[in-house]
Amino acid sequence: MAAAPLLKTATHGAVLHVALDRPDKRNAVNDALVQALDAQFANLPPAVRAVVLSGEGEHFCAGLDLSELTERNVFQGILHSRMWHAALDRIQFAPVPVVAVLHGAVVGGGLEIAASAHVRVAETSAFYAFPEGQRGIFVGGGGSVRVPRLIGAARVADMMLTGRVLDAEEGQAAGLSTYLVEPGAGLAKGLALAERIAANAPMSNYAVIQALPRIAELAPEQGLFMESLVAAIAQGEPAAKERLRAFLDKRAGKVSKES
Ligand code: 1HE
């Protein structure tokens, strides 16, 4: 892996693996790490078709670096939160899909980062919490926007008010992850999924990550019209025509439970 400050990256074909690399601090996210994420996702090499995001060491991410929090005034606090929003928007609205691989602590800002990815794989060691309530603060990295859309505002309120910690199975049942694997198996699973995603037509992937979440927020009438436009754009791509022809010519795989 090529060493980069606070992030490690490695290329596996068309998949870029990005790892939070501050294991001594449990990948706690200081301002420099937020900015490194922003820069990384703003500058994905054009050949990258999917990204895997993980954490080095025993935990995915311990959230906001609390040692940087103490002296901020209200205005600085707003700007700080907006900096997180910009960086995590870079992940959610990246040009290619992002698969997060979660293990150990996925807490506070760590859960906010995880929620900005498009697919989440959890190892059974993963646990989820919003300790903001106990720390006297509030989520500031999009946690009140993205996480309720995954598990509902009532569960988020419960986690923030009571300090409830969800284990990996509870997180999976609630919808925080959609794959649950044994400890140590997350990265291989995440890379395998990313490789499958990378083999899709880029326009289809782009529509899923850019159009789908926006359509889902629209009133049905507007959403259905937008869906028609996106469907027509995707189907007009040469890659779509070639893939449909390949299926009709029996050169492409069938849908199968084993695949
Ligand atoms: C940290 C942080 C941190 C660890 N900021 N330094 N997040 C939290 O409230 C979670 C706080 N962290 C923990 O509860 C635990 O560290 C863990 C459960 C994640 C891991 O426990 P453990 O036993 O493996 O590690 P540790 O011994 O607690 O921590 C190792 C070192 O990392 C230690 O520093 P050291 O110099 O004494 O070695 C810790 O101080 C340091 N460390 N977590 C700073 N978070 C956009 S707004 C988002 C708002 C939030 O994210 S609030 C939630 C913050």
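The values are calculated or read from the model by the stated rules, or taken from the named source; none is laboratory data. Being a predicted model, the structure only gives us computed values, none of them experimental. Reconstructed Cβ throughout: ideal geometry from the backbone, glycine too, with neighbour counts over all protein chains shown. The accessibility values were calculated without ligands, DNA or RNA, using every heavy atom of the protein model including side chains. Shrake-Rupley method; radii C 1.70, N 1.55, O 1.52, S 1.80 Å.
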Give me the distance in nm between label points sitting 7 Å out from Cα along the Cα-to-Cβ direction at residue 78 and residue 164, one decimal. 3.3 nm
Rounded, prolate or oblate: pick one for segment 1-147, where a ≥ b ≥ c are the square roots of the eigenvalues of its C-alpha gyration tensor, a/c under 1.5 means rounded, and failing that, prolate if a/b is larger than b/c, else oblate. prolate
Along principal axes, Cα extents of segment 139-192, largest first, whole Å: 34, 19, 16
Using Cα centres only, tell me the gap between segment 151-167 and segment 170-246 in whole Å. 27 Å
Given all pairs of distinct Cα atoms, segment 164-259 yields a Kirkwood Rh in Å of 16.5 Å
Length gain on complete extension for the stretch residue 8 to residue 154, per 0.36 nm per residue less the alpha carbon to alpha carbon distance? 49.0 nm
For segment 57-114, which chymotrypsin sites (Phe, Trp or Tyr not before Pro) are both in a DSSP coil and crowded by at most 15 other Cβ atoms within 10 Å? 93
Over all directions, segment 115-205 yields a Cα convex hull whose mean projected area in nm² is 6.6 nm²
Under DSSP loop assignment and at most 14 Cβ neighbours within 10 Å, longest GluC sites (Glu not before Pro)-free interval of the chain: 72-257
Lysine pair number, Cα distance threshold 29 Å (strictly under), the chain, separation 8 or more or different chains: 9
Determine the order of 206, 128 by accessible area, beginning with the largest, at a probe radius of 1.4 Å. 206, 128
Kirkwood-based Rg to Rh ratio, the chain, C-alpha trace: 0.98
Using 7 Å Cα-to-Cβ label points, what is the residue 69/residue 231 separation (nm, one decimal)? 4.6 nm
How would 245, 120, 49 line up by accessible area, probe 1.4 Å, largest first? 245, 49, 120
Computed from the beta carbon distance with a Förster radius of 22 Å, FRET efficiency for residue 210 and residue 39 to the nearest 0.05 stands at 0.60
Checking a compactness column here: for segment 68-148, what do you get for Rg(Cα) / (2.2 N^0.38 Å), N being the number of residues? 1.14
Quick one: if the Förster radius is 30 Å, what FRET efficiency do residue 221 and residue 89 give, using the C-beta to C-beta distance and rounding to 0.05? 0.65
